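The values are calculated or read from the model by the stated rules, or taken from the named source; none is laboratory data. No experiment lies behind these values; they were computed from the predicted model shown. Glycine also receives a Cβ, built like all others from the backbone with ideal geometry; neighbour counts cover every protein chain displayed. What goes into the accessible areas is simple: the full protein's heavy atoms, side chains included, and nothing from ligands, DNA or RNA. Shrake-Rupley method; radii C 1.70, N 1.55, O 1.52, S 1.80 Å.
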Amino acid sequence: MTVRHYPAIIEGDSVSGYSVFFPDLPGCTSAGTTLQEAAINAEQALAGHVALMLEHGDAVPAPSRLDDLPRPIEPDVVEASRFLVRIDLRERAPA
């Protein structure tokens, strides 16, 4: 499938800001001062991360099902939200 939806986890709060990570893609992170900004920035982070993986010839793992992720995702993570981020791999394929 060329269109994928990766689960993203937002942690943090409105005082200190929010960070985003993708359980299926270690090292793919983003942040924002609001939940909305963090979610928007997550899409950019995913696109850039996957583009670099493809450029380096790395396999892009299949996304986990959002419903299958444990709660909490990790014992020390206090989640503010979880959501799916869409990416179209056809747009990211190397020329």
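Miscellaneous remarks
- Residue that is open to solvent by less than 30 Å² (accessible area, probe 1.4 Å), under 23 Å from THR2 (Cα atoms), in a loop (DSSP other than H, G, I, E, B) and touching a residue at least 24 places away in the same chain (Cβ under 8 Å), where the choices are VAL85, VAL77, VAL60, VAL50: VAL60
Yes/no per residue for (1) among the small types (Gly, Ala, Ser); (2) in contact with a helix residue (DSSP H, G or I) (Cβ under 8 Å, 6 or more places away or on another chain):
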| site | (1), (2) |
| --- | --- |
| VAL3 | no, yes |
| ILE10 | no, yes |
| PHE21 | no, no |
| ASP24 | no, no |
| GLY27 | yes, yes |
| ALA51 | yes, yes |
| ALA62 | yes, no |
| SER81 | yes, yes |
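- Any hit, region 14-27, residues being polar (S, T, N, Q), part of a loop (DSSP other than H, G, I, E, B) and surrounded by fewer than 14 Cβ atoms within 10 Å (Cβ to Cβ): yes
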